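The values are calculated or read from the model by the stated rules, or taken from the named source; none is laboratory data. This structure is a prediction, so every number in the text was calculated from the model and none was measured. Here Cβ is always computed from backbone atoms with ideal geometry, including for glycine, and neighbour counts include all displayed protein chains. Note: areas computed on protein heavy atoms with side chains; ligands, DNA, RNA excluded. Shrake-Rupley method; radii C 1.70, N 1.55, O 1.52, S 1.80 Å.
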Amino acid sequence: MNITKQKILSDLKKVAMIMFTKEFIDTSKEDQYEIFATVIKGYLSENWLKKNENYRIGKEKQVYYFSLEFLLGKMMCTNIINLGLEDLCMEVMDELGLDLDEFEKYDAEPGLGNGGLGRLAACFLDSMASIGIPGHGCGIRYDYGLFEQKIVNGEQIEGPDNWLKNGFVWETKKSHESQRIKFYGEITLKETEGYLTPIHTGYETILAVPYDIPVVGYNNKVVNNLRLWKAQIQGNDFDFNSFNYGTFSELDEQKRKAEAISKLLYPDDATESGRLLRLKQEYFFVSAGLQSIVSYNSKKGIRPSKFPETFNIQINDTHPALCIAEFMRILIDEKKVYWDEAWEITKKVMSYTNHTILTEAMEKWEIDKVQKLIPRVYMIIEEINRRFCNKVYQKYDDWDRVMEVAIIKDRVINMAHLAIVGSHSINGVSKLHTEILTKKIFKNFYELYPERFNNKTNGITHRRWLLKSNKALTTLIDDVIGYSWKDDPNLLEKLAEFSQDRSFCKKIEGIKLENKKKLAKFIWEETGIEVDVNSIFDTHVKRMHGYKRQLMNILHIIYLYREILEDKDFTMHPKTFIFSAKAAPGYYLAKRIIKLINSVGNLVNDDERVNKFIRVVFIPNYSVSKAQIIIPGSDLSEQISTAGMEASGTSNMKFMMNGALTIGTLDGANVEMKEAVGEENIFIFGLEYKELKEIRKKQSYDPIKFLETNPKLKTVVEMLRDGTFGGDFSSIYSHLIDGDRYFVLKDFNTYLETHRKIDKIYRDRDKWNSMVVKNIAKSGYFSSDNTIRKYAKEIWGIDN
Ligand code: 26Y
């Protein structure tokens, strides 16, 4: 299809007529957005259909990325960029006197994820399409995404994220491909023709209705699919024959119950609460996805034995780990495959990615719940466990060892164990994280199956995080090294030779300043706080969690506050501390830290003696679209997690790509960032994983004793309970004193020193700029295209 300016203009006219029986220019802004987005959707649909047809022929091996979360962010602009229509759309907008940025405000934002894991899934979809791998997402179409955060009196208040309220242009409902999901009931086994056939009675059926979202590849005509399932009552239309008020209200109740499954995203990112509705969600989308994949392949005449050559399923953390058992159920019960063969097929098809080592985030389900909700699947899990335990026993002749790896123990199913036993590949998301998995968390499994474990360091898509969110930088890079880096971000390396080129560095500095101005304006609009664009924008954005140590950052700010007030000769380059973070609604400490940040902010920002040096802002309701403004406008990226606790981190890579320098611990992918840029171009501090391990082993960390030798820090900590900040922060105080597993105080001094060093270097702007350029140059390594190529080659057996 040849798309020209004229064509777009005439399509806008046509679609306006069809949708609103009006001339385009006579419609409202919101309607104009909808018309425009619909026209764009029309342009990608041809390739979407074509790609689907290609897939139907069964030529290429398919990948299905199963994830409970896809944190997509707005899609209009990235679709335009990937379709190669950016310049043309700009021209059209100019001609019509309109503004794309204004249109973008109306673009719904699917925030269907908590944080890193969900955003990674979205980056992976973009990369799979862009490098031409037939990879599709499978998830849930939540009516409500991650809660909307309001800050009232400095505290987080959660509200619903009704992202679908004005509809979602990019999705297409595919009712005819709905699947039936069975919950509850009883199983009896009957032997017929040599098979043990389970008879399932008394079950409830929920209908899973798919909504497809196109995933557009970059300039390559590929459009993959993200399929999100919505839960509905079966036979959505009421049966009017049996209509009477009694059954009507019963039906109403049933409808409400059924739809509850896809009603909302659970807002916990690291504490597993074992809620039944979440288990329902997990089985719901796993079963819907697998049934549709299998029925589709069966229709094409592909036998189960060929499944491993036809498709792979990547399990995003354990949330979809029921895939293992559900796939076995389909193979054995529906496709009549014998257990042993089914098991081999399952292992070849499935692979599992682990995203966290925090014990409280490890999914465990009580067998009573699972047995009741999905009785047949439970039987299969039990059988998988029985066979596996027997094998391990044969190998070690030691039941203690067996119990260490058992899938079921103490009447609880360990989902990670199920995922490992049923997969041919288990990967961590950074070098350090994978090392911790093999040496510690899954040590016993690593001994059993060393060949299954591998590392795949995370990545980010430069299309959203640079092309879309930092146009000025994109254009400058084009001018200096040409365009090819857009297809191959590794070529950003070419920028390294300009790191000593003063005029280039000044241009980089100028772009940063412009982005800081945009961010300053945004901060003003969001918070009413005025910030100085010549100050260092020091940014800490991510979920609020103890291990991410926002607390260390705010303690540092309190420390500076005191120094400024007490030391007449105090001086520093002014700094603006920027925070944005949502806390899980039930995570008390995290919520208190939000309150503390806001309270300290009030004190600091209102005090003229202090605010000439430092200011503190908390931007409410962090989201992908906000990150796209905050990250390009930042100078310094805070990646200060307790070593060993952040599996990878991905915002660290986004900041790097946008020319912010990193202050960070040797944790997650920071380790590899340091390797890539060299230790002189990143500010690394703090205790290392192995050192912390020693301290834990010897139990040699005593915060109270530690504070005795650090009087200044002690005063800062005391301020948490002396009323300085208005509220009661004694819970934070107690947390720090009672053995704090995140070692905030222990790392404080080196953190402070590192900030001092940063202050010095920033004053030598040429040096700073040159470090920035080196970071941008090395950031291509962290492109998710690289990551996905490795998944494809080493896990999915696809050579691209
Ligand atoms: C079980 C449930 C409560 C749960 C829900 C969400 C548990 C964990 C999560 C999310 C985990 C997560 O986002 N992990 C992050 O994954 C990123 C992508 O791999 C990593 O970069 C990041 O370090 C890790 O914390």
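Taken residue by residue, region 732-753 has no member that is farther than 26 Å from N670 by Cβ, in contact (Cβ under 8 Å) with a residue 60 or more places away in the chain and more than 32 Å from the chain's Cα centre (by Cα).
Applying a threshold of 9 Å to beta carbon distances and a minimum spacing of six or more residues, or different chains, the list of pairs starting in region 351-363 at a residue that is near the ligand (Cβ under 6 Å from one of its atoms) and open to solvent by less than 10 Å² (accessible area, probe 1.4 Å) and ending at one that is of a type outside the set (A, V, I, L, M) and part of a loop (DSSP other than H, G, I, E, B) reads E363/E272; E363/G274; E363/D317; E363/T318; E363/H319. None of K471, K431, K440 is within 16 Å of the ligand (Cβ to nearest atom), at pLDDT 95 or above and open to solvent by 40 Å² or more (accessible area, probe 1.4 Å) except K431. I need the full set of residues from region 512-562 which are assigned to a loop (DSSP other than H, G, I, E, B) and not aliphatic (A, V, I, L, M), in order please. G528, E530, D532, N534, S535, K542, R543, H545, R549 - these are the residues of region 512-562 that are assigned to a loop (DSSP other than H, G, I, E, B) and not aliphatic (A, V, I, L, M). Filtering region 443-471 to residues that are assigned to a loop (DSSP other than H, G, I, E, B) and under 23 Å from the mean Cα position of the chain (by Cα) leaves K456, T457, N458, G459, T461, S469, N470.
Looking at A122, A108, just one residue is open to solvent by less than 30 Å² (accessible area, probe 1.4 Å), within 16 Å of the ligand (Cβ to nearest atom), in contact with a Phe, Trp or Tyr (Cβ under 6 Å, 6 or more places away or on another chain) and not aromatic (F, W, Y), and that residue is A122. For the structure I just gave you, tell me whether N652 is within 16 Å of the ligand (Cβ to nearest atom), assigned to a helix (DSSP H, G or I) and either under 30 Å from E493 (Cβ atoms) or open to solvent by 20 Å² or more (accessible area, probe 1.4 Å) (or both). Taking the combined requirement at face value, the residue satisfies it. Cβ contacts < 6 Å: first residue under 13 Å from M657 (Cβ atoms), restricted to region 473-489; second residue open to solvent by 20 Å² or more (accessible area, probe 1.4 Å), any location; separation 6+ or different chain. Result? Going by the 6 Å Cβ cut-off, the qualifying pairs are L473/I511; W485/L491. Across region 264-279, the qualifying residues are those that are touching a Phe, Trp or Tyr at 6+ places or on another chain (Cβ under 7 Å) and of a type in the set (A, V, I, L, M), and the one among them that is farthest from the ligand (Cβ to nearest atom) is L264. The C-beta contact set for region 545-568 (first residue within 28 Å of P267 (Cβ to Cβ), second residue modelled with pLDDT under 95 and of a type outside the set (K, R), distance under 7 angstrom, 6+ apart or interchain) comprises H545/A270. With respect to V744, determine if the residue is closer than 24 Å to M544 by Cα, part of a loop (DSSP other than H, G, I, E, B), of a type in the set (A, V, I, L, M, F, W, C) and touching a Lys or Arg at 6+ places or on another chain (Cβ under 7 Å). Criteria met by V744.
Restricting region 249-275 to residues that are modelled with pLDDT of 95 or more and open to solvent by 60 Å² or more (accessible area, probe 1.4 Å), the residue that is nearest to the chain's Cα centre (by Cα) is L264.
The number of residues in region 280-293 being surrounded by fewer than 21 Cβ atoms within 10 Å (Cβ to Cβ) and within 11 Å of the ligand (Cβ to nearest atom) comes to 0.
Residue count for region 447-468, restricted to those that are within 16 Å of the ligand (Cβ to nearest atom), open to solvent by 10 Å² or more (accessible area, probe 1.4 Å) and of a type in the set (D, E, K, R): 1.
For region 125-141, a residue qualifies if it is touching a Lys or Arg at 6+ places or on another chain (Cβ under 9 Å) and within 16 Å of the ligand (Cβ to nearest atom), and the qualifying residues are D126, S127, G137, G139, I140.
So is L752 buried (at least 16 other Cβ atoms within 10 Å of the Cβ) and part of a helix (DSSP H, G or I) or not? Break it down stepwise before answering.
Values: buried (at least 16 other Cβ atoms within 10 Å of the Cβ): yes; part of a helix (DSSP H, G or I): yes.
Yes: the conditions hold for L752.
Filtered by the rule that a residue be closer than 22 Å to D740 by Cα and surrounded by fewer than 16 Cβ atoms within 10 Å (Cβ to Cβ), region 661-704 gives K690, E691, K693, E694, I695, R696, K697, K698, Q699, S700, D702, I704.
Give, as residue ranges, the helices (runs of 4 or more DSSP H) completely inside region 22-135 that count at least 3 residues that are basic (K, R).
Working: elements: 29-57, 76-82, 86-96, 100-106, 116-130.
The qualifying helices (runs of 4 or more DSSP H) are 29-57.
Sub-6 Å Cβ pairs linking a first residue in region 253-280 that is acidic (D, E) to a second residue that is away from the ligand (no atom under 14 Å from the Cβ) and open to solvent by less than 70 Å² (accessible area, probe 1.4 Å), at least 6 apart or interchain, are E259/A231, ordered by first then second residue.
Can you name every one of the strands (runs of 3 or more DSSP E) wholly within region 142-225 that holds 1 or more residues which are closer than 30 Å to V39 by Cβ and modelled with pLDDT under 95?
Values: elements: 148-152, 155-159, 179-183, 186-192, 195-201, 204-216.
In region 142-225, there are no strands (runs of 3 or more DSSP E) which contain 1 or more residues that are closer than 30 Å to V39 by Cβ and modelled with pLDDT under 95.
Residue count for region 4-41, restricted to those that are closer than 20 Å to D87 by Cβ and open to solvent by 40 Å² or more (accessible area, probe 1.4 Å): 5.
Cβ separations smaller than 9 Å between residues 6+ apart or across chains give the following pairs from region 698-709 residues that are at pLDDT 95 or above to residues that are open to solvent by 100 Å² or more (accessible area, probe 1.4 Å) and part of a loop (DSSP other than H, G, I, E, B): P703/D738.
Look at region 111-129: where a residue is farther than 15 Å from K654 by Cβ and in contact (Cβ under 8 Å) with a residue 24 or more places away in the chain and a partner is of a type in the set (K, R) and near the ligand (Cβ under 10 Å from one of its atoms), sitting 6+ places away or on another chain with Cβ atoms under 9 Å, you get G113/R119; N114/R543.
Rundown of residues vs (1) small (G, A, S); (2) open to solvent by 50 Å² or more (accessible area, probe 1.4 Å), yes/no style:
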| site | (1), (2) |
| --- | --- |
| Y483 | no, yes |
| D487 | no, yes |
| E493 | no, yes |
| A496 | yes, no |
| Q500 | no, yes |
| K506 | no, yes |
| L513 | no, yes |
| K516 | no, no |
| K521 | no, yes |
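On the stretch given as region 296-334, residues that are more than 16 Å from the ligand (Cβ to nearest atom) and either open to solvent by less than 10 Å² (accessible area, probe 1.4 Å) or free of Cβ contacts under 8 Å to residues at least 60 places away in the same chain (or both) total 24. Regarding region 43-66, can at least one residue be identified that is within 16 Å of the ligand (Cβ to nearest atom), touching a Pro at 6+ places or on another chain (Cβ under 9 Å) and within 28 Å of Y352 (Cα to Cα)? Yes, the conditions are met somewhere in region 43-66.
Scanning region 563-603 for residues that are open to solvent by 40 Å² or more (accessible area, probe 1.4 Å), in a helix (DSSP H, G or I) and of a type outside the set (A, V, I, L, M) gives E566, Y588, K591, N602. Answer yes or no: is there a residue in region 669-691 that is within 16 Å of the ligand (Cβ to nearest atom) and assigned to a loop (DSSP other than H, G, I, E, B). Scanning region 669-691 turns up at least one residue that is within 16 Å of the ligand (Cβ to nearest atom) and assigned to a loop (DSSP other than H, G, I, E, B).
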